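K.L.:
Please read through the structure below; I'll follow up with questions.
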Amino acid sequence: MSEQNRSSEVLLKVQEKYFPPEEIVKRAWIKDYEKLYAESIRDRESFWAKVAEELHWFRKWDKVLEWNFPYAKWFVGGKTNITYNCLDRHVQNGRRNKVAYIYLDEDNNERKITYGELLELVCRIANGLKSLGLKKGDRVSIYMPNTIEAVATMLACARIGVIHSVVFAGFSEGALRTRIEDAKAKVVFTATYTKRRGKKVELLPTVKKAIEGLDFVEKVVVWDRDSEGIKEGEKFVDFYELVKTSKPYCEPEEMDAEDPLFILYTSGTTGKPKGVLHTTGGYMVQTYFTSKVVFDLHEDDIYWCTADIGWITGHSYIVYGILANGVTSLLVEGAPDYPDPGRWWSYVEKYRVNVFYTAPTAIRMFMRYGEEWPAKYDLSSLRILGSVGEPINPEAWHWYYKHIGGERCVIVDTWWQTETGSHMITTVPSYPAKPGKAGKPMFTVEVDVVDKDGNPLPPNTVGFLVIKTPWPSMLRTCWGEPERYEKYWKTIEGVYFAGDLASIDEEGYVMILGRADDVINVAGHRIGTMEVESALVDHPSVAEAAVIGKPHEVKGESIKAFVILRKGVEPSEKLVEELKDHVKKVLGPIAVPEEIEFVEKLPKTRSGKIMRRVLKAKELGLDVGDVSTLED
Ligand code: WT7
């Protein structure tokens, strides 16, 4: 959502405070946020050391933090394996037969897998990876639907130190190819298809096109969902054949705390997507801890995060942080409102879900369907409701609170990013929340709102959100592009630049106003304007393109493109559709512009940079601002 979107009127309204019910405070892991926060700031390293001690290490760290600006090392010298902490630790401590995931497809077919069974599946895939010649440090791309097979494949990589790069299965061949190529993945995991709205969405043909001519891709492992037989030739391996023929136990690789765990691509202001690199120890410790205290997870909880494993939310809060806590989760494939808008709420009722984590865009979609849908189901098991991905407008907050939470639940509005790896700003369940404000910094995290020179701004003033000190689950670099990594710490010298606009009130509650850069947040997904522009210019009829985000009632923002056609090409409705199709084919449905306008000229600076800010202001009927650098 843009700054213009949230007027001063909204700012004023966002003053109410909601205190948590007593039962929630009573069972909460964190009872006194203020006290613990103050302690954590006084001694950051002891704080994280204490958390890390709750997990298993083959060798203890020598030093908690080594900060060599802008490079951090956490738990230096420590040896661990994240899958040991997510699986073996539980299997050895009485949770062997506890359900790890309840998977559901759109036809409500259910498959449960216990911690013991998941460990075996992960080990078999890991041994399969070894038999394909993969070893520690190699990369594997995972282009699979939101299923147990996909989660197990991620964990199998982590088991043996192979770096996974999950690519959201809603992306198309161009986006997939860029990511496979950049990571130089030796093996790609996929499935024959995923199902959405009752229809098969083929994945294997997309992979085949995406890897054309990429000789470094040695194998493609295919989960053949209808057992039709994989007839694609030598490069292609059957997933369950590999599982069946591999041994059921695989020793966990002793990983250094700073050994890479995964790459996850995300959009930036310029250029191609960046490969955000996360490492083992710090990421494990902080995702474990935030899962535990923000969702207040206890032994018998049923937890459900509605994200897809293709995003960081899925990595941290479906897979790693959640499994590390040993709870039972739902894992759901397909559309939220198919076959009808009661689908999600029927699962909350049936499985007695206690903690539910979703995105504002989903809430706004359900608001439109009407409260009669959730009202049909018994949602009384819910205790904690989470929000993530974009600012939650107070209206959606109140609807979520009332119609999903029955005015008994706590809402945690978690602000974080692919780069931060885990929650950075939120209120913990025992602490009062303010609708529309993410809340307070997590333990040891120091945030501020500053001007472009780094000067702190007074309360309730909008500026740039920065993080002042390193944290365990921070990104370590951008894959193959250290200069892009360093830019996070050098845009405003010395602090981490989040790329968001924010303000902080007198009580220290942070309110996020949206991106400060040319990144569009469509339904909680980050789309770079450059990526969409490149996809458009890739079409033979297009000479130039500029893309902006516009406020959208349900999606937060939608994409609008301004296109200059090549000489001799006539604008038409048909061409609009053709261009949309083209973007869909190259990048995927989420990146398709809602509107395309043909223009003769684009506002540019004298150095030739498109001034998207000017386009946006004109589109929204706002003051165009300083245009002294405009070419004409
Ligand atoms: C961007 C990060 C973190 C997982 C999902 C997105 C926006 C995220 C919130 C929130 C306001 C939020 C920010 C941020 N964002 N959570 N609770 N309130 N804005 O991860 O794709 O890396 O995007 O999402 O703009 O910078 P991502």
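The values are calculated or read from the model by the stated rules, or taken from the named source; none is laboratory data. This structure is a prediction, so every number in the text was calculated from the model and none was measured. Positions of Cβ are backbone-derived with ideal geometry, glycine not excepted, and every protein chain shown enters the neighbour counts. Accessible surface areas use protein heavy atoms only, side chains included; no ligands, DNA or RNA. Shrake-Rupley method; radii C 1.70, N 1.55, O 1.52, S 1.80 Å.
K.L.:
Just read off the accessible area of PHE236 with the full protein assembly in place, 1.4 Å probe, to the nearest 10 Å².
P.N.:
PHE236 exposes around 40 Å² with every protein chain in place.
K.L.:
May I ask what percent, to the nearest 5, of DSSP beta bridges between residues of segment 114-253 are antiparallel?
P.N.:
The answer is about 20 percent antiparallel.
K.L.:
Okay, moving on. Suppose R0 equals 51 Å; then what is the FRET efficiency for GLU507 and ASP238 from their Cβ-Cβ distance, rounded to the nearest 0.05?
P.N.:
Details: r = 58 Å, r/R0 = 1.13.
With R0 = 51 Å, the Cβ-Cβ based efficiency is 0.30.
K.L.:
Give me the lysines in straight-line cross-link reach of LYS560: C-alpha distance below 27 Å, same-chain residues under 8 apart excluded.
P.N.:
Excluding near neighbours in sequence, the set is LYS272, LYS274, LYS550, LYS574, LYS580, LYS584, LYS585, LYS601, LYS604, LYS609, LYS616, LYS618.
K.L.:
Moving on to the next point. How many angstrom lie between the Cα centre of segment 371-433 and the Cα centre of segment 580-632?
P.N.:
34 Å
K.L.:
May I ask you to compute the full-extension gain from ASP215 to PHE58, defined as 0.36 nm times their residue separation minus their alpha-carbon distance, rounded to one decimal in nm?
P.N.:
Full extension from ASP215 to PHE58 adds 52.8 nm.
K.L.:
Right, another one. May I ask you to derive the FRET efficiency for LEU36 and SER541 from their Cβ-Cβ distance with R0 = 56 Å, giving the value to the nearest 0.05?
P.N.:
0.40
K.L.:
What aspartates and glutamates does LYS79 reach when the alpha-carbon gap must be under 15 Å and sequence neighbours fewer than 8 apart in one chain are set aside?
P.N.:
GLU53, GLU54, ASP62, GLU251, GLU253, GLU254, ASP256, GLU258, ASP259
K.L.:
May I pose another question? Quick one: Debye curve from the alpha-carbon atoms of segment 298-348 only, equal weights, vacuum; give me log10 I(q)/I(0) at q = 0.14, 0.21, 0.28 Å⁻¹ to two decimals.
P.N.:
-0.38, -0.78, -1.07
K.L.:
For segment 114-253, with the dipole built from +1 on Lys and Arg beta-carbon atoms and -1 on Asp and Glu ones, taken about the Cα centre, which of ALA150, THR245, PHE216 lies farthest toward the positive end?
P.N.:
Highest projection toward the positive end goes to ALA150.
K.L.:
Which value at 222 nm does the chain reach when only helices count, each DSSP H run of 4 or more adding -39,500 (n - 2.57), with the total divided by all residues and rounded to the nearest 500 deg cm²/dmol?
P.N.:
Values: 19 runs with 172 residues, N = 632.
Dividing the helical sum by the residues of the chain leaves -7500 deg cm²/dmol.
K.L.:
Which Cys residues of the chain have no other Cys Cβ less than 4.7 Å away and so no disulfide-compatible partner by this rule?
P.N.:
CYS86, CYS157, CYS305, CYS409, CYS478
K.L.:
First check a/c for segment 519-620, with a ≥ b ≥ c the square roots of the eigenvalues of its C-alpha gyration tensor; if it is under 1.5, answer rounded, and if not, answer prolate when a/b is larger than b/c or oblate otherwise. Can you show the working numbers first?
P.N.:
Working: a/c = 1.64, a/b = 1.14, b/c = 1.44.
Oblate.
K.L.:
Taking amide hydrogens as modeled 1.01 Å from N in the peptide plane, which residues meet the under 5 Å criterion relative to LYS604, leaving out close sequence neighbours?
P.N.:
When sequence neighbours closer than 5 places are left aside, the close amide H contacts are MET611, GLU631, ASP632.
K.L.:
Considering Cα pairs under 8 angstrom that are at least six residues apart, work out the relative contact order of the chain and quote it in whole percent.
P.N.:
It comes to 14 percent, rounded to a whole number.
K.L.:
To continue, here is another question. Rounded, prolate or oblate, given the Cα gyration tensor of the chain, with a/c below 1.5 counting as rounded?
P.N.:
rounded
K.L.:
Just reorder SER329, SER607 by solvent-accessible area, largest first, 1.4 Å probe, all chains present.
P.N.:
Final ranking, largest accessible area leading: SER607, SER329.
K.L.:
Using a Förster radius of 25 Å, what is the FRET efficiency between GLU481 and TRP67 based on their Cβ-Cβ separation? Nearest 0.05, please.
P.N.:
Computed FRET efficiency for GLU481 and TRP67 comes out at 0.70.
K.L.:
Write down the accessible area per residue of the chain in Å², having rolled a 1.4 Å probe over the full set of protein chains.
P.N.:
Heavy-atom SASA per residue in the chain reads 38 Å².
K.L.:
Another question about this same structure. Mean separation of Cα pairs under 8 Å and 6+ residues apart, divided by the residue count of segment 519-620: what relative contact order is that in percent? Can you show the working numbers first?
P.N.:
Details: 165 pairs, mean separation 26.7, N = 102.
Answer for segment 519-620 is 26 percent.
K.L.:
While we're on this one: Out of residues 5 or more away from ILE425 or on other chains, whose amide H comes under 5 Å of its own, with H placed 1.01 Å from N in the peptide plane?
P.N.:
TRP415, MET442
K.L.:
With both partners inside segment 494-632, how many of the DSSP beta bridges are antiparallel, as a percent to the nearest 5?
P.N.:
85 percent
K.L.:
Using a 1.4 angstrom probe on heavy atoms only, work out the carbon and sulfur share of the accessible area of the chain in %.
P.N.:
Details: 12000 of 24180 Å².
Heavy-atom surface of the chain belonging to carbon and sulfur, 1.4 Å probe: 50 percent.
K.L.:
Just the number, please: percent antiparallel of the DSSP beta bridges in the chain, rounded to the nearest 5. Kindly include the intermediate steps, with their values, before the conclusion.
P.N.:
On the way: 61 of 101 bridges.
In the chain, approximately 60 percent of DSSP beta bridges are antiparallel ones.
K.L.:
Does segment 243-293 come out rounded, prolate or oblate, given a ≥ b ≥ c as the square roots of the eigenvalues of its C-alpha gyration tensor, rounded meaning a/c under 1.5 and, failing that, prolate meaning a/b above b/c?
P.N.:
It comes out oblate by the Cα gyration axes.
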